[in-house]
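The values are calculated or read from the model by the stated rules, or taken from the named source; none is laboratory data. Everything numeric here is computed off the predicted structure, so don't read it as measured data. No Cβ is skipped: glycine too gets one built from the backbone with ideal geometry, and neighbour counts run over all protein chains shown.
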Amino acid sequence: MTALFSTRQHCGRTMTDRRHVLVVGTALAAELSTTYRTVDTSLLCHGSAGATPPGDFVCVRVVERDSEPAVWIDRAREIHSLLPVDRVVAFGESEQIVAAVIAEELRLPGHHGVDVVRSVADKLEMRERLADGALGTVAFAEAHDPLSVERFAYAHPGRRWLVKPAMGTGSRGVTELVDLRHSTAAFNRAREVANPVAGSRRVMVEEFISGRQLSVESLSEDGQHRVLAITQKYTDERTFAEVGHCVPAELSPEDTNAVGEYTCTVLDALRVHYGPTHTELVLGAAGRIDLIETHTRLGGHGIPHLVSAALGFDMHELAFAQLAGVPLLPRLPAAVPRATSAQAVWFGYAPVPGRVHSLRRRTEPEAHVEVLVSPGDEVTADMTRSSRVVAARASGATGAEAVRKASQAVLGTTVVIECSMTAQLLGP
């Protein structure tokens, strides 16, 4: 079933230069529609028929979660017929490809082609595109079955390997393979994670690279890239789930420049020319840099808020302004800017699955604590978003100070699961 409705009484082009932006997926859609009123915003998303997503939208179309791309395209054409669409954007990961398909079907200029977005979203295709150049430093292969994983590991002995979905989100379906007897379980775990819109179920195996995990927050316009921040990432060693971030990463000037230049080279190689990007990489010994993945979207997990607090750049506002046609390059520094403070966020995850009975937290004068669940909510213990129960943000003169304050605030939160087990959330 598809819900068809408009949230305003009339859908018609007014005598202004306002752009009509179609947001695919709900991520940041309400924020764009209510805070950046120099554009008209419409929404195309999956959800329940008849449910009106929050926001001030010109038009809304809702499709079922597992709808084929053709259904999304048909609904986009309906919106386009009511009020011609100028820009199509997806702020979330899962809708990137379908947004590119819609822009291409509507023949809208200035967007990334489907091949560009797919080569970014599909990590196997990304590796294949970069394999022949200086950026192809990570060994990888497509795994058609568990035996493919084993053959690849035998062909590259003495290394650590990751088995993961080519188009996963977050850390879902990612396994470090330390024992080949577990290759079938690792392959099946990755295979089960399917992109709900793009539909790719390919599995890949790649070399695990040790080192500092960083992400680079950038904006691009007319093929020119501007690095606004480099984020230090903290992950769980077992699940690879992200447990915290700090902006800026504490790097030498030489490493800062090298990371920025490397990121721009990656974006050029993948033919990214427009919009926000979030590039994850590893800085290893002797300054070696290896790409993990990149995304044609803003960083998640509160990173834009850290960038705003540490550097004064509101990445949400900048992305919205670009959609409205505002030139960004005059507003952005040519070199990575210096931060005025360090900003960190730390996450707490439920240690056991079940139903939240109650939450208790102590007063934290040095951190802002946000409880993400309520009594009665179901939580998992797999360190995905469905098991995240608290987030704490803090600032400091150094990254270490900001991380300490944020992680201690998480330690001060206790969750009680319905099974009567009380567990204090683990920090770093």
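Brief remarks on what is shown
- On inspection, Phe320 does not qualify as in the same structural domain as Val227 (by TED's automatic domain parsing), part of a loop (DSSP other than H, G, I, E, B) and either in contact with a Cys (Cβ under 7 Å, 6 or more places away or on another chain) or buried (at least 18 other Cβ atoms within 10 Å of the Cβ) (or both).
- When the stretch 185-226 is limited to residues that are modelled with pLDDT of 95 or more and closer than 24 Å to Gly25 by Cα, the one that is surrounded by the most Cβ atoms within 10 Å (Cβ to Cβ) turns out to be Ser215.
- Lone unmet requirement of (1) of a type in the set (A, V, I, L, M); (2) in contact with a Ser or Thr (Cβ under 8 Å, 6 or more places away or on another chain); (3) in a helix (DSSP H, G or I) for Val85: (3)
- Residues that are within 17 Å of the chain's Cα centre (by Cα) and among the aliphatic types (A, V, I, L, M) within the stretch 236-259 comprise Ala241, Val243, Val247, listed in sequence order.
- Single match in Val369, Val352, Val356, Val373 (criterion: more than 25 Å from Ala402 (Cα to Cα), outside the structural domain of Glu254 (by TED's automatic domain parsing) and crowded, with 17+ Cβ neighbours inside 10 Å): Val356
- Qualifying residue in the stretch 294-306 (condition: surrounded by fewer than 22 Cβ atoms within 10 Å (Cβ to Cβ) and more than 17 Å from the chain's Cα centre (by Cα)): no
- Residues of the stretch 91-112 that are more than 19 Å from the chain's Cα centre (by Cα) and part of a helix (DSSP H, G or I): Val101, Ile102, Ala103, Glu104, Glu105.
- Every condition in (1) small (Gly, Ala, Ser); (2) free of Cβ contacts under 8 Å to residues at least 60 places away in the same chain; (3) surrounded by 15 or more Cβ atoms within 10 Å (Cβ to Cβ) holds for Gly399 except the one numbered (2).
- In the stretch 56-74, the residues that are at pLDDT 90 or above and either in contact with a helix residue (DSSP H, G or I) (Cβ under 9 Å, 6 or more places away or on another chain) or within 16 Å of Ala90 (Cα to Cα) (or both): Asp56, Phe57, Val58, Cys59, Val60, Arg61, Val62, Val63, Trp72, Ile73
- Considering the stretch 333-367, the residues that are within 22 Å of the chain's Cα centre (by Cα) and outside any strand (DSSP E or B) include one that is nearest to Val227 (Cα to Cα), namely Val336.
Conditions (1) in contact with a Leu (Cβ under 9 Å, 6 or more places away or on another chain); (2) touching a residue at least 12 places away in the same chain (Cβ under 8 Å); (3) among the aromatic types (Phe, Trp, Tyr); (4) surrounded by 17 or more Cβ atoms within 10 Å (Cβ to Cβ), marked per residue:
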site: Ile97; (1), (2), (3), (4): no, yes, no, yes
site: His111; (1), (2), (3), (4): no, yes, no, yes
site: Ser119; (1), (2), (3), (4): yes, yes, no, yes
site: Gly136; (1), (2), (3), (4): yes, no, no, no
site: Arg159; (1), (2), (3), (4): no, yes, no, no
site: Val174; (1), (2), (3), (4): yes, yes, no, yes
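- The residue that is farthest from Arg118 (Cα to Cα), counting only those in the stretch 66-81 that are out of contact with any strand residue (DSSP E or B) (no Cβ under 7 Å at 6 or more places or on another chain) and part of a helix (DSSP H, G or I), is Ser81.
- Of all residues in the stretch 234-247, none are assigned to a helix (DSSP H, G or I), surrounded by 21 or more Cβ atoms within 10 Å (Cβ to Cβ) and either at positive phi or outside the structural domain of Leu162 (by TED's automatic domain parsing) (or both).
- Residue within the stretch 371-394 that is over 15 Å from Val416 (Cβ atoms), free of Cβ contacts under 8 Å to residues at least 40 places away in the same chain and either assigned to a strand (DSSP E or B) or of a type in the set (D, E, K, R) (or both) present: no
- Looking only at residues in the stretch 248-282 that are in contact with an Asp or Glu (Cβ under 7 Å, 6 or more places away or on another chain) and under 30 Å from Ala391 (Cα atoms), the one that is surrounded by the fewest Cβ atoms within 10 Å (Cβ to Cβ) is Glu280.
- Unique match (being free of Cβ contacts under 8 Å to residues at least 12 places away in the same chain and either polar (S, T, N, Q) or not assigned by TED's automatic domain parsing to the domain that holds Pro333 (or both)) among Ser252, Ser220: Ser252
- Among the residues making up the stretch 152-172, those that are within 16 Å of the chain's Cα centre (by Cα) and part of a loop (DSSP other than H, G, I, E, B) are Ala166, Met167, Gly168, Thr169, Gly170, Ser171, Arg172.
- Output for the stretch 255-297, where each listed residue is touching a residue at least 40 places away in the same chain (Cβ under 8 Å), of a type in the set (Asp, Glu) and more than 28 Å from Leu323 (Cα to Cα): Asp290
- Look at the stretch 28-41: where a residue is assigned by TED's automatic domain parsing to the domain that holds Phe57 and a partner is aliphatic (A, V, I, L, M) and part of a loop (DSSP other than H, G, I, E, B), sitting 6+ places away or on another chain with Cβ atoms under 7 Å, you get Tyr36/Ala324; Thr38/Ala324; Val39/Ala324; Asp40/Val58; Asp40/Leu83; Thr41/Val58.
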